[in-house]
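What follows is a single structure, written as structure tokens, with notes after it.
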Amino acid sequence: MPSSRFTGSVTTPTVALSIDTGSPLLDHTLDGFLKIAGVAATRSLGEDAYHAARKGKLSGSDLEKSLKKMCKEGAYWGTVAGVYVGMEYGVERVRGRRDWKNAMLGGMATGALMSAATNKGTDKVVTDAITGGAIATAAKFLNYLV
């Protein structure tokens, strides 16, 4: 019986960017911001390209809206990531340990800060802190498994 097999490898592109502000906390924060801002902007661009392809046309107005959306998404998600990375690094430095608790505390602080910045009220700040801590902790545990 005939059979076929596919073999190969997939490699991801790497971008080397070194940030040195003289402060490790600021370096980590900026690195997190730039990485996730780029991902968010690219996701937004892909989404808008898909919608333009479905419509079958692209106008100057569509391009302007897409660029504004890319900047807005990149800035928002980059800020969230930067705050989280900075918080996690700060907690690690204060505690003197590198474990999942840093992710949990960093996620909680990030959730609370981002929620408080949008003036959603005390209950929402608490629930967003819990959500941020849970997501960060789950992500850290998943990283340990992989």
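We did not get these values from a lab; they are worked out from the coordinates using the rules stated. Here the structure is a predicted model, which means the values were calculated and not measured. Note that we place each Cβ from the backbone using ideal geometry, even for glycine, and neighbour counts take in every protein chain shown.
Per-structure values
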{"item": "Scope segment 109-123; condition surrounded by fewer than 14 Cβ atoms within 10 Å (Cβ to Cβ) and assigned to a helix (DSSP H, G or I); matching residues", "result": "117, 122, 123"}
{"item": "Selected residue (criterion: surrounded by the most Cβ atoms within 10 Å (Cβ to Cβ)) from residues of segment 58-86 that are without any contact (Cβ under 8 Å) to a residue 24 or more places away in the chain, assigned to a helix (DSSP H, G or I) and not charged (D, E, K, R)", "result": "66"}
{"item": "Pairs where the first residue, in segment 24-43, is in contact (Cβ under 8 Å) with a residue 40 or more places away in the chain and the second is surrounded by 15 or more Cβ atoms within 10 Å (Cβ to Cβ) and of a type in the set (S, T, N, Q), C-beta under 6 Å, 6+ apart", "result": "none"}
{"item": "Residue check for residue 135: of a type in the set (Val, Ile, Thr), farther than 14 Å from residue 29 by Cβ, assigned to a helix (DSSP H, G or I) and under 15 Å from the mean Cα position of the chain (by Cα)", "result": "yes"}
